[in-house]
Amino acid sequence: MSQSTPELSTIAALSGSRPTRHVKAGDIIFQPGDHGDVLYGVVSGTIALTWGSELSETVGPGGCFGVGALVDPEHRRFGTATAISDAELLEMDRPEFLFAVQELPMFGLEMLHDLECRLQELKRSVAER
């Protein structure tokens with residue numbers, strides 16, 4: 001299980017001028033098969049991502065999840081996202097994401113770095129099984 005916490009996050013900066021979604025510990029944000037049309041940025045709290053019974057990770061403040069929604073307009077969620085603690089989430093659809101990257105280019109780089117770190121951790125986790 002990994003914890004995603006980029007050192008310098010633009011998620012908090014982006015959330016300052018936009019509405020956020022508040023979730024309570026235990027709330028399910030999405031589950032397999034749900035249509036996905038937004039990416040989530042974690043402003044505060046911790047989110048668990050699970051895929052089946054074997055793979056899981058956590059995403060904390062500054063991290064993003066649900067990125068597949070930006071790539072495919074017919075995207076269906078593959079895993080489950082559950083709030084581990086009360087959390088504040090920034091939701092962005094594709095146009096909002098593109099605007100955020102245009103306004104704050106570091107956001108795109110931070111997100112790519114975060115995704116790469118999470119992928120490497122998942123690969124290590126799978127290799128150790």
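The values are calculated or read from the model by the stated rules, or taken from the named source; none is laboratory data. Predicted model only: the values in this text are computed from it and were never measured. Remember, those area values only see protein heavy atoms, side chains included, never the ligands or the DNA or RNA. Shrake-Rupley method; radii C 1.70, N 1.55, O 1.52, S 1.80 Å.
If a residue has to be open to solvent by 50 Å² or more (accessible area, probe 1.4 Å) and polar (S, T, N, Q) to count, how many in the stretch 60-92 make the cut?
0
Being in a strand (DSSP E or B), open to solvent by 20 Å² or more (accessible area, probe 1.4 Å) and at pLDDT below 90 is the filter here, so list the residues in the stretch 1-30 that pass it.
Residue satisfying the conditions is Gln3 alone.
A quick yes/no check of all residues on (1) at pLDDT 90 or above; (2) under 18 Å from Ala13 (Cα atoms):
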position: Glu74; (1), (2): no, no
position: Phe78; (1), (2): yes, no
position: Asp93; (1), (2): yes, yes
position: Phe99; (1), (2): no, yes
position: Glu103; (1), (2): no, yes
position: Leu115; (1), (2): no, no
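Do the conditions hold for Phe30, that is, is it hydrophobic (A, V, I, L, M, F, W, C) and closer than 16 Å to Thr10 by Cα?
no
Looking only at the stretch 31-59, count every residue that is assigned to a strand (DSSP E or B) and either open to solvent by less than 20 Å² (accessible area, probe 1.4 Å) or closer than 17 Å to Glu121 by Cα (or both) and tell me the total.
14
Please determine whether any residue of the stretch 93-100 is open to solvent by less than 60 Å² (accessible area, probe 1.4 Å) and outside any helix (DSSP H, G or I).
Yes, there is a match, as at least one residue in the stretch 93-100 is open to solvent by less than 60 Å² (accessible area, probe 1.4 Å) and outside any helix (DSSP H, G or I).
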